[in-house]
Each structure stands twice: as C-alpha cells, then as structure tokens.
1. Can you tell me how many residues within the range 524-542 are buried (at least 17 other Cβ atoms within 10 Å of the Cβ) and closer than 21 Å to LEU595 by Cα?
2. For the range 537-625, give me every one of the helices (runs of 4 or more DSSP H) that falls completely inside it and has 2 or more residues that are more than 23 Å from LEU524 (Cβ to Cβ) and not β-branched (Val, Ile, Thr).
3. Among the listed residues THR539, THR517, identify the single one that is among the hydroxyl-bearing types (Ser, Thr, Tyr) and under 22 Å from ASP574 (Cα atoms).
4. Sort out which residues of the range 626-643 are within 37 Å of the chain's Cα centre (by Cα), part of a loop (DSSP other than H, G, I, E, B) and on the phi < 0 side of the Ramachandran plot, and write them in order of number.
5. State yes or no: is PHE252 part of a helix (DSSP H, G or I) and farther than 23 Å from ALA118 by Cβ?
6. What residue, among those in the range 603-625 that are surrounded by 15 or more Cβ atoms within 10 Å (Cβ to Cβ) and within 36 Å of the chain's Cα centre (by Cα), is farthest from PRO590 (Cα to Cα)?
7. Considering only residues that are aromatic (Phe, Trp, Tyr) and within 19 Å of LYS102 (Cα to Cα), look in the range 17-43 and name the one that is modelled with the lowest pLDDT.
8. If you scan the range 193-210, which residues turn out to be touching a Phe, Trp or Tyr at 6+ places or on another chain (Cβ under 9 Å) and aliphatic (A, V, I, L, M)?
Amino acid sequence: MPYLSRRSSGPPPRRGRLWPGLAALLLVTGLIYWPGLSGGFLFDDTVHLQDNPFLTRARDWDLRQLWAAALSYGHFPFQRPLSMATLAANHVVGGLAPFGYKLVNLAIHLATGAALFALTRRLLPGGAGPVALAVTAGWLLHPFNLASVLYVVQRMNSLSALFCVLGMLAYAVGRQRQWQGRPGAALAVSGLLGGGSLAFLSKENGALLPLFLLLMEVLLFRFRTASAPARRWLLGFHALGTAGPLALGLAFLVARPDWLLAGYASRDFTLAERLLTEARVLWFYIGETLVPVTSRMGLYHDDIALSTGLLTPPTTLPALAGLAALAGLAVALHRRAPLFAWGVLFFFAGHAMESTVVPLEIVHEHRNYLPSYGLLLPLFFYLLRPPGATPLLRRAGPVLAGLLLLFYGAGTALRASVWGNDMERALLAVRSHPQSPRSRVELGQLYALLADYGPNGDRYRALAREQFRAAMDHDRYTLNGQFALVAMDSKEGKPLDPALLAQLRDRLPRPPLAPATVNSLIKLSRCRTEGTCQLALETLEALFEAILRNPGLQGQPRGQVLAEMTQQRVLQGDLEGALRAATAAVQANPADPQLHLNQANLLIHLGQPEAARAAIDQADRRDGTGFFAERIAAQRQLLATPP
C-alpha cells in the first residue's frame, strides 16, 4: 500500500489553526537569531565579498555591474550566479555592513522553514499538522544550522536549500493531485525544472533535487496514479528527468576520473582518505543533529584526524559498518516504516555530493543544513505518533519532543549570542577546538587588531604571536601562522626571523599547496603595496620564486601570484621585469581580462604599441560581462595619445 492515503493527500484538518503557530515559530526563531546579526564577516566572506572587486564595484542597480558580480564566484565552473547576484544587491543597498547580509540570510532561513512546514504537511498522514509544526520547529531552531545563517557566503547553501524545498513541495502537490485524478503534471515538472534550476544556480548541490524527488516517489508515492496513462507518464518523467541526469553525472565521473582527481592536488588527503574520514564525519553530523552539543560545534573543524586506514583511527571501520547498517535498515523497512526510510535515505542523498568523492574540505557544519531535515522528520513523527505505543509512551513522547525543542532553541540562542561578538566567538572556538589552526590564526588576528587600535598594545601583540605559533604547531598543511608572524613583524618594522623565512622558502615549493597559503602570500604582498608593511622586495621576491616552483600552483592562483609580482616590480621601477611577470600571468590564466590589461599597460609604457593593442583586444574578447569596458576604453585612448 502507498504510504499516503487518498484522503491524506489533501491538507490536514484544522488548517487554519496551524498557520498562527507557524507565524509564532518564525517570530521566535527571528528573535533568537537577532543577537547574532551583529557579528562580522568570517572566513571565505573576505574572498567572495570584501576582496571581490566585481561585487564591491556594484554601487547602484546598473545591470552590467550586477551581471559581473553575479559571475564573480570564480572557483567552480557554474559560478553560483543567483547567490552572487543577491549578495551584490545587498552591497548596492548597504555596502559592506555585515548586518544587512545576515538579515537577508535569516529571512531565507525563515522562508525555508515555512516551505518545509508546507512540504511536511503534504508528506505526513492526515491529521499530522502538529507533527509538521514540531518538525519545522526542530529544524528552524537547531543550533547546528546556525552557520548557514550567520556565515554570510553560506547564503549559497541556504538559498539552494530553499529552492530544493520549494521544488519538492511543488512536486508533492502535483503528485497528490494526480493521485486524485486531477491535473498535476505541470506542477510536478515545475518542481523539478524550476526548483532544480534555481537551486543549482545558487549552489551546485541543487543538482541533488532529482534524487530527492526520486526517493519521494519510490518511498512515499510509489508511482500511484489514477490512470494507466498517468503512470506511464510518471515513469517516463523520472527516467528522463531524474534517473537520467544522475546516471549521466556518474558516467562522467567514471569516464573522466582525471577531472575529479585533479582537485586533490591541493589537498592534504587522498580520495581514499577522504572517503574513509567522511564515514566518521557523517556520524558526527548524525549525532549533532539528534543530540547537539554546542561545545563540539564551530566554524572550523580542521582539527579532525584523517582516516588513513580502516583501523586508523579505530573508529573508522565501525563508522563504515554503522552507515551500511543504517542504510540497509532503511531499505529493509521501506514498506513497514516508509517515513523512517525516507528520512534516512534523504539524509544520505543530501550528503551525496559534499561528503563523498568531491575534493572539498573534510567538515563544514553548513553541509548538514538541508540533510538534517531527513533525521528530524522521523524523530519528531515517532515521538509524537509512536506506532503501537502504550499510553505511557504516548504521553512521554510529546514531553520529550517539547524538551528537545527547548534544548535546540536554547543552544541556538547561546550560539547566536556568541556569534554576535567576533572576539567571544574566536575565544570559544579555540577553547572548543584547541588544535584547530584556523581558529588559532583568527584569534591571533583579532588580538593584532586590538593591539593596533586599542590600549595595552604590547600585551595583545604577545597574545597574537602566541596564537600564531600555536597554529604553526598544529598546522602541517597551510602556512597561515608563519605568514601572520611575518606580517606582524613587517608592520612593526622588526627584523624578520631568518629561520621563519627559511621555513617558508623551504615549504612553499612542496605540494600540496593550500589555497589559503596562496591567499596569505597575496595579502602580504598587498600589505607592502599599501605601505603598511616594511618588507624588502628581495624578501618578497624570494617567496614569490619559491611558490612559483610548486607544481600545484596553476591556472587562476598562479596568475594571481604573478600579478602581485608584476605590481611589486612596477613599484620598484623595474618595468622590464614587470612585463616578464605580467606575460607569465597571462600565460597562466589567459581567461582573466585584468591580466591582459596589466600586460597592455606595461607594453604601452615600454613603447610597444602593436603588442599593447593585441593585449587590449584580448582583454576585450574575454570581458563577457562588460566589467572592464571603461578600463579597455581608457587604454585604447592612452594608446592613441601621442607620446
């Protein structure tokens, strides 16, 4: 029998009494999160917002500027344009004040919660509206979901989740109409195509929506229709629109493993190590979803030990076996307990991209944002509607559910209050994750800011150095601690530690090369350009030469390093050396118009007009958004002006 009855496919009874409860829940969630909106930008916010010239140039509603900002993500082939466009709109309205960005993120979170409530009411048996409200409350108030709200660039994640939920909702409504013999195919198709497209344009894991819909159909709707033609249409729909794209994606990975493996060149783990480690990470996500412990949470989880073998660490093999058993149990119970099966398999499907073979970092809390719904749905359903339970259990379940919701809300309130103060959050991060290099570096940077702008400067500088050295002790991948110490000494005009510089020159050429290391070197170079660091050009050139010998420095990052090298040589008046660096930058990343313009500017000043004209033409051809149009026109004018 299908999970849902024909009667339950419509809205549950007492529809009007539940929406005020949802409104109250959304208000409470907003109030709980409100203190966290006063926090600053974090981690990747710097790269994608503060240091993103395409986004920061968007100061009005000029479509060309907004289009350039929408396509400025840069690290993935699909660019996440919808998310970047909303961030650009935030900049137009409020500049780089973090509050406005976080407020929009909160609105997206609340909208996703409302959509989940509507979806859950559609999926549960008739009369389970209060259960849907409890599930929604659990998800909205869960402290583990906070990072997707208060970490600004994770709007990409939360916006993708919103459109996935809306796509599932449209599909569920359409399918239930078909079940009743009413027209519903258009809604089902719009759920896949509309919701899927918008989700994918927000973040790549929107491509998982077809898998979510297939699981919903197989486990809950079971291809039930009112007529044979409708059933044939439905089978074709999933074959073409759901199973087909998933099969093509898998076939691509099998046919082009080099595309996948290339991403591991900049990681300190292999594909096998990532897969083994992710088994333990998934249990971390499961545990924190069901019984969250806020002291284990944080923005950074770079202190996790890698699994280098089935028994290294010893929990690796039990984690793998446990996941297999959990998935097997869900499959075995798909008829007797379809909601349990749906929830568990939805959780696994939600992690199918970011917690498997794709060479991303090992752990981030925002990856569990939408997948956590798969665990919370059966949890609250069986607490509030325990099958075959005694009267005692029927009374205990709602009490336990209520206590869980209070626990979740209190945890989020605590985290939000901490995230509203950057120093408090950084101090807590180091206490909770003392072996996290990123947590140490971030706290050290905040101490360094206090030293520059507040009293007791010497004390805070000492504390900053202490954190940077601790980061060095725990970090075998990035060189953030070393670069932070060099930057501090340079800003203070102190002699640089020869041993520290030797360590940098020794490690920079050796793979793997972390993206954070490249960013640290670029920041050090710009510190010298801005005149806030007293750093000899010879020292910086030695670091440039060292990193350029690293075989992992290719493409866009190599072009960025060479562009910085170009700038430093221009400042020293070495135009010939600058041209050599600029030409090498173009060769490394010919798709970047700015690099061609750098080269053209030097060619003009060195009296090579024909070569300069060719470089300007190359920049023009590659300026797909028109972002560089004014600069291109200015260089053409400069070229036409007699010397």
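The values are calculated or read from the model by the stated rules, or taken from the named source; none is laboratory data. Quantities reported herein were computed from a predicted structural model and do not represent experimental measurements. Here the Cβ positions follow ideal geometry from the backbone for every residue, glycine too, while neighbour counts run over all protein chains shown.
1. Going through the range 524-542 one residue at a time, the tally reaches 5.
2. Working: elements: 537-548, 555-571, 575-588, 593-605, 609-622.
In the range 537-625, 575-588, 593-605, 609-622 are the helices (runs of 4 or more DSSP H) which contain 2 or more residues that are more than 23 Å from LEU524 (Cβ to Cβ) and not β-branched (Val, Ile, Thr).
3. On the way: THR517 fails: under 22 Å from ASP574 (Cα atoms).
Only one candidate passes the filter, namely THR539.
4. Within the range 626-643, the first condition is being within 37 Å of the chain's Cα centre (by Cα), and the residues that meet it are 626-633.
Then drop every residue that is not part of a loop (DSSP other than H, G, I, E, B), which leaves 626-628.
The answer is PHE627, PHE628.
5. Numbers: part of a helix (DSSP H, G or I): yes; farther than 23 Å from ALA118 by Cβ: yes.
Against the criterion (part of a helix (DSSP H, G or I) and farther than 23 Å from ALA118 by Cβ), PHE252 qualifies.
6. The residue in question is THR625.
7. Quick first cut of the range 17-43, residues aromatic (Phe, Trp, Tyr) only: 19, 33-34, 41, 43.
Those still in the list that are within 19 Å of LYS102 (Cα to Cα) too: 33-34, 41, 43.
Working: TYR33: 98, TRP34: 97, PHE41: 94, PHE43: 91.
Ranking the candidates gives PHE43 first.
8. LEU198, ALA199, LEU201, ALA207, LEU209, listed by residue number.
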